[in-house]
Amino acid sequence: SVAEHSILLAEYVISSIDTTDYLDIAKYALMHDAAEYILGDINSGLKVHLDDYKSLESKLSFTILEKYNIRVIYEDVVKRLDKRIIINEVLALRPHHLQLFKNQNLEPLDIVHLAVNDDDYGEYRPGYVPKQVVYDRFLQLCADLEIGD
């Protein structure tokens, strides 16, 4: 799910990025796909052909980031990590699609112990987590990172 993907990315930043502004980067990572949660997750290959969707997604993303005072300066860092976590997701869910990413020269993130699951942390198993567990973890991370009212 979009939420699980964002949680994993934010938790990776929190546990692995060694910089003083890692919490600000984690906020951006947690909310980087918030517009997709609202509008629906559309495959990147299809999204490039949907100009109206891309425009709406961009405006909504900007509004969300602005509302929660999340700094856009971390966009490039999060985009690079986002591309790498997709490799983890492909390996876990659709390993036969890995060939589509060979030309991108990307390494997966080291997130073996950062999965959202019933044990809270354990083997990386995206897509096998009850929605309530993901929802609760997302809200907890929002609270921990002071995102929200």
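No value in this document is a laboratory result; all are computed from the given coordinates. Fair warning: this is a prediction, and the values are worked out from it, not measured in the lab. Don't worry about glycine lacking a Cβ; one is built from the backbone with ideal geometry, like all the others, and counts go over all protein chains shown.
Quick notes on this structure:
- Fully extending the segment from His49 to Leu91, taken as 0.36 nm per residue of separation minus the present Cα-Cα distance, adds 12.5 nm.
- Of Leu60, Leu39, Leu109, the one that fluctuates the most in a GNM where the chain has Cα springs shorter than 10 Å: Leu39
- Two-site FRET efficiency, Gln99 against Ser1, from Cβ-Cβ distance with R₀ of 30 Å, rounded to 0.05: 0.75
- Cα-based radius of gyration for the chain, normalised by 2.2 N^0.38 Å, reads 1.02.
- Selected from Leu50, Leu106, Leu139 as most flexible by GNM, with the chain as the system and alpha-carbon contacts under 10 Å: Leu50
- GNM on the chain, alpha-carbon springs under 10 angstrom: the most fluctuating residue among Tyr53, Tyr12, Tyr74 is Tyr53.
- Contact order for the chain, expressed relative to its length and based on alpha carbon pairs under 8 Å spaced 6+ residues apart, stands at 26 percent.
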